[in-house]
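Bear in mind that the values in this text are calculations on the coordinates, not laboratory data. Small disclaimer: the values here were computed from a predicted structure and weren't measured. Neighbour counts run over all protein chains shown; Cβ positions are idealised from the backbone, glycine included.
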Amino acid sequence: MLADKKKWEGTFVALATPFSGGKLDEEAYARLCEEVLDQGCEGLVPCGTTGETPTLSVEEQERCVRIAVEAARKKGATVIAGAGSNSTAATIEAVRRVKAAGADAALVVTPYYNKPTQAGIVAHYRAIAEAVPGFPIVAYVVPGRTASDILPDTYPALAQIEEVVAVKEATASMQRVIDIRERVGDRFVLLSGDDFTVLPFIACGGRGVISVSANVAPRLLSDLVRAAMQGELERARELQVRLNPLHRALFLESNPIPVKAALHLMGRFDDEVRLPLTPATETTRQALRAGLSALGIEIR
């Protein structure tokens, strides 16, 4: 393991990217980074799915990472920056950029659209590690978006790549977590990519979450993760259930449409999204209002 495992544990926020007039709103982004860290989260994840990375320019991605790094350094927090692509060569260049921007690790999704074999996926991560040696990689498994997966039987081969320190598992499968533990023990820090199942994920061997909902309710998410990791089952269950209506509202439409609408309702920033995404419907906004109000979150 390249670094202390504790560095990759806890509540990481899959940051939404604010736009104003079609441009990156850097001030709003910096405020969001600082606020979620002040509310107890351990780390920031700029330029992931929630950050609308497919529509960000290379320059915008670099600015997002640098802003997140600046905020994290003030708090001693960790930055795992999105750098994945369906091109290995392009991913290597992206990983080099996030490293140069000061990120602690790169979040690298399994290649999408190409539909690589399991051997191809391992070769993808190995090529990145060899090109940027010594720089931590967090593998990102989200078959619902990529049509590619890292199957449990592939993990022993992935474990041979020292740079891969953690895995974001967004399958919502507790059996998957157990199967991975069976094959490679605690070689990887396993992070949930699904807000609905944080408690059971941690109970099965996970060590935290990369969360969408933490943009909106960072204190509650960080409290949930801490309670679950400390074995405070009743407290963790209470928080998981309490947060469920918010989670449900935040995924009524494709992420990040609802979370940006929620942040707009909270007065954080405009709810602009870039095509092909479109703004949240009124039905979604009503559900968000109800979810926020139930948690005592002020709507402006």
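In the set Ala280, Ala217, only one residue is more than 20 Å from the chain's Cα centre (by Cα) and at negative phi; that residue is Ala280. Given the structure, is Thr78 in contact (Cβ under 8 Å) with a residue 60 or more places away in the chain, farther than 22 Å from Arg268 by Cβ and buried (at least 17 other Cβ atoms within 10 Å of the Cβ)? So Thr78 fits the description; yes.
Being in a loop (DSSP other than H, G, I, E, B), surrounded by 17 or more Cβ atoms within 10 Å (Cβ to Cβ) and of a type in the set (Gly, Ala, Ser) is not true of Gly291. Is it the case that the stretch 127-138 has a residue that's within 19 Å of Thr49 (Cα to Cα), surrounded by 24 or more Cβ atoms within 10 Å (Cβ to Cβ) and touching a helix residue (DSSP H, G or I) at 6+ places or on another chain (Cβ under 8 Å)? Checking the stretch 127-138: at least one residue is within 19 Å of Thr49 (Cα to Cα), surrounded by 24 or more Cβ atoms within 10 Å (Cβ to Cβ) and touching a helix residue (DSSP H, G or I) at 6+ places or on another chain (Cβ under 8 Å).
A residue that is of a type in the set (Lys, Arg), farther than 24 Å from Asp186 by Cβ and touching a helix residue (DSSP H, G or I) at 6+ places or on another chain (Cβ under 8 Å) can be found somewhere in the stretch 97-117.
List the pairs whose first member sits in the stretch 253-264 and is under 14 Å from Glu52 (Cβ atoms), whose second member is in a helix (DSSP H, G or I) and hydroxyl-bearing (Ser, Thr, Tyr), and whose Cβ atoms are under 9 Å apart, counting only residues at least 6 apart or on separate chains? Pairs found: Glu253/Thr284; Ile257/Thr284; Pro258/Thr284; Val259/Ser213; Ala261/Thr284. I'd like to know if the stretch 24-41 contains one or more residues that are closer than 22 Å to Glu169 by Cα, in contact with a Phe, Trp or Tyr (Cβ under 8 Å, 6 or more places away or on another chain) and of a type in the set (A, V, I, L, M, F, W, C). Checking the stretch 24-41: at least one residue is closer than 22 Å to Glu169 by Cα, in contact with a Phe, Trp or Tyr (Cβ under 8 Å, 6 or more places away or on another chain) and of a type in the set (A, V, I, L, M, F, W, C).
The residues of the stretch 18-43 that are buried (at least 17 other Cβ atoms within 10 Å of the Cβ) and either at positive phi or touching a Ser or Thr at 6+ places or on another chain (Cβ under 8 Å) (or both), listed by number, are Leu24, Ala28, Tyr29, Gln39, Gly40, Cys41, Glu42, Gly43. Every listed requirement among (1) surrounded by fewer than 20 Cβ atoms within 10 Å (Cβ to Cβ); (2) farther than 26 Å from Pro111 by Cα is met by Glu59 save one, (2). Checked against (1) farther than 22 Å from Ile137 by Cα; (2) over 14 Å from the mean Cα position of the chain (by Cα), Ile180 passes all but a single condition, namely (1). Scanning the stretch 197-227 for residues that are under 16 Å from Leu292 (Cβ atoms) and among the basic types (Lys, Arg) returns a single hit, Arg219.
Looking only at the stretch 128-150, residues that are farther than 19 Å from Ala172 by Cβ and part of a helix (DSSP H, G or I) come to 4 in all.
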